[in-house]
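Undergrad: Before I ask anything, here is the structure I am working with.
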Amino acid sequence: MTVERYIRIMAGTVVLISLALGYHGSPIFVSEWFLALTAFAGFNLAQSGITGFCPPAILFKKLGVPEGGSACGTGKCG
């Protein structure tokens with residue numbers, strides 16, 4: 001897997017967990033403040049797309065995760 005795929009997985013996981021913990025209808029609701037994590041993840045993804053700066057990408061690269069093209073570059077998409 002590549003840095004980009006790890007970032008997508010991480011962002012998706014943060015969004016799903018924060019929605020589960022912040023939505024009143026959820027069986028594991030804790031507080032509405034967890035929805036701030038959803039906003040933060042969305043802001044970070046937008047900022048990264050505009051500027052090209054992504055702190056998690058730097059961390060994953062230092063951990064030895066290989067850089068690569070998009071997830072669709074493998075021929076597994078559409």
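Undergrad: Using a simple charge model, +1 on the beta-carbon of Lys and Arg, -1 on the beta-carbon of Asp and Glu, nothing else, what dipole does the chain show about its Cα centre, in debye to the nearest 20?
TA: Approximately 240 debye in magnitude.
Undergrad: Further question: Compute the acute angle (0 to 90°) between the alpha-carbon long axis of helix 3-22 and the principal axis of greatest extent of the alpha-carbon atoms of the chain; round to the nearest 10°.
TA: Tilt of helix 3-22: around 0 degrees.
Undergrad: Something else now. Where the accessible area of the stretch 1-49 is counted over protein heavy atoms with a 1.4 Å probe, how much of it, in %, is carbon and sulfur?
TA: 75
Undergrad: Here is a further query. Roughly what would the spin-label model give for LEU35 and ARG8, points 7 Å off Cα along C-beta, in nm?
TA: Reported label-point gap for LEU35 and ARG8 is 2.8 nm.
Undergrad: Just the accessible area per residue of the chain, please: how many Å² with a 1.4 Å probe?
TA: Per residue, the chain has an accessible area of 71 Å².
Undergrad: Enter the mean projected area of the convex hull around the alpha-carbon atoms of the chain, in nm², rounded to one decimal.
TA: Taking the Cα atoms of the chain, their convex hull projects to 6.6 nm² on average.
Undergrad: Please give the net charge around LEU45, taking every other residue with its beta carbon less than 13 angstrom from that of LEU45, where Lys and Arg add +1 and Asp and Glu add -1.
TA: Here the count lands on 0.
The values are calculated or read from the model by the stated rules, or taken from the named source; none is laboratory data. Please read these numbers as outputs of a predicted model, since none were measured by experiment. Reconstructed Cβ throughout: ideal geometry from the backbone, glycine too, with neighbour counts over all protein chains shown. These accessible areas exclude ligands, DNA and RNA; they are computed on the full protein's heavy atoms, side chains included. Shrake-Rupley method; radii C 1.70, N 1.55, O 1.52, S 1.80 Å.
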